[in-house]
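Let me begin by presenting the structure, written as structure tokens, before commenting on it.
The values are calculated or read from the model by the stated rules, or taken from the named source; none is laboratory data. This structure is a prediction, so every number in the text was calculated from the model and none was measured. Ideal geometry is used to build each Cβ from the backbone, glycine not excepted, and the neighbour counts take in all protein chains shown. These area figures cover heavy atoms from the full protein model, side chains too; ligands, DNA and RNA do not enter into them. Shrake-Rupley method; radii C 1.70, N 1.55, O 1.52, S 1.80 Å.
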Amino acid sequence: VKILYDSFFRSVMNPELYPDRLQGMLSCILGMEIASFHVLETSSFALGDVKSLVIMDIVVELLDGSIINLEVQKIGYDFPGERAACYASDLTLRQYARAWRDAAKKASEDPGHKFSYHSIHPVYTIVLIEKSPSLFCKFPDQYIHRFSQKSDTGLSMELLHNYIFIPLDIFRKKHQNENISTELDAWLTFLSTEEPDEIMRLCDAFPFFRDIYRHIYEICQNTEDVMGIFSEALAELDRNTVDYMIDELKRSNEQLQGEKKQLQDENTRLKEELDNMRKQLREQK
């Protein structure tokens, strides 16, 4: 079973039915206690991501107003930072629009009430990547990359956006056959492994996961529903993978065209040098 497939993940990690599961995972990844939250719509606008390689996406809002966007990418994008920043900006603008509407409503009742940017809270973007792009492969010993905006002078300012990228394939390589010692490692093992032996080690080390795997087993008893889940997920992945490969071929072709242009320019330069040498030789003769 692919835990990261949207239907499986939403079934066993449903924040409305099993809030403690998602709370536990997010708390470990963010390194802070997540007490309660409610689910939001994933996006208020489209980024033109028709060829999206995202296979799971969920957005939750915490009690303090902070927003967490958790998504899973089958194959890491070539521009993971730029894309994450766009989605984080979308979530920030959604907060802004809501805060402005609330302020306008209160102002109609209390003319002294004004909009405040303090109503906009931090956004945390967590990206789980099944197959890492080359950018992450340059750091084979690191499987959690945390980003936040800081000044070069020590000035403290709340700039709202925080990012966490977790390449799960690098985690698997680094922790293969190792003991599962921390709760964070337990959650990343749960998200990344399909091996029965590893699953048994996980359940022995952290019995909490037994209920989740029992839940998965119950889902798998309904063969028709499971086949539907896989058919839908694989069909989407097939389309996405084909589009991804086409884009890769386009980039490769553009690179080859660039190299061809360089070779043509070099050939022209060498031809000019050869003509000059022949001219000089004729003059010497």
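A compact table of results
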| quantity | calculated |
| --- | --- |
| Candidates VAL127, VAL123, VAL72 - the one that is under 28 Å from MET13 (Cα atoms), open to solvent by less than 80 Å² (accessible area, probe 1.4 Å) and in contact with a Ser or Thr (Cβ under 7 Å, 6 or more places away or on another chain) | VAL123 |
| ALA104 being exposed (fewer than 14 other Cβ atoms within 10 Å of the Cβ), without any contact (Cβ under 8 Å) to a residue 24 or more places away in the chain and in a helix (DSSP H, G or I) | yes |
| Members of the stretch 126-180 that are under 22 Å from ILE3 (Cα atoms), among the charged types (D, E, K, R) and assigned to a loop (DSSP other than H, G, I, E, B) | GLU178 |
| Residue list for the stretch 172-227, filter: open to solvent by 40 Å² or more (accessible area, probe 1.4 Å), aromatic (Phe, Trp, Tyr) and in contact (Cβ under 8 Å) with a residue 24 or more places away in the chain | PHE206, PHE208 |
| The stretch 149-171 - residue that is free of Cβ contacts under 8 Å to residues at least 40 places away in the same chain and acidic (Asp, Glu) and, of those, nearest to ILE67 (Cα to Cα) | GLU158 |
